[in-house]
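Quick notes on the structure that follows.
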Amino acid sequence: MAYEEAFVANEYVAACYGLACSVGSGNSGDKGNKWKYDEKGSVFHEHDFVSGTCTDASANRVITNDGSVVKSVGEYNKDQGWLDGGFDYWDNRNNNGIVDTKDGIYWHTESKKTNYWGQSFVDRRWNHYGILAPLDSSRPNHS
């Protein structure tokens, strides 16, 4: 039995990408330092793939708006849970104006603590860099 899928014109289809950090000990992306702020606190970068860390593409989430502009990036860390993140720089490698595979993303994640007065503050900040890749090679642009 054959199935046919039809999509309505101008409907949004979610683009799904993997993004693994490749900063390692060099703390730089291939375009140099494009982060908005320096790292803070006692931070460490994995040199190789480690499940449940920023080097694991399934641990990072890229959030875009309806126009495929990066809004934020977050990480689920196996030891710390969800780390809020932010977008710092987008390397639009194919110059098409939309977030796409093979584009470079510079982002940061932060851990926070609460002081004696109940105020939250950033105690550590990690800078990350990675290249967007399709999550499913048989569906390079969509979920």
Practice prompt. Tell me, please, whether a residue that is of a type outside the set (Ser, Thr, Tyr) and part of a loop (DSSP other than H, G, I, E, B) can be found in segment 122-132.
Written response: no
Discussion item. Within segment 2-14, does at least one residue satisfy the condition of being out of contact with any Asp or Glu (no Cβ under 6 Å at 6 or more places or on another chain) and at pLDDT 80 or above?
Written reply: no
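The values are calculated or read from the model by the stated rules, or taken from the named source; none is laboratory data. Please read these numbers as outputs of a predicted model, since none were measured by experiment. Cβ atoms come from the backbone with ideal geometry, glycine included; neighbour counts cover every protein chain shown.
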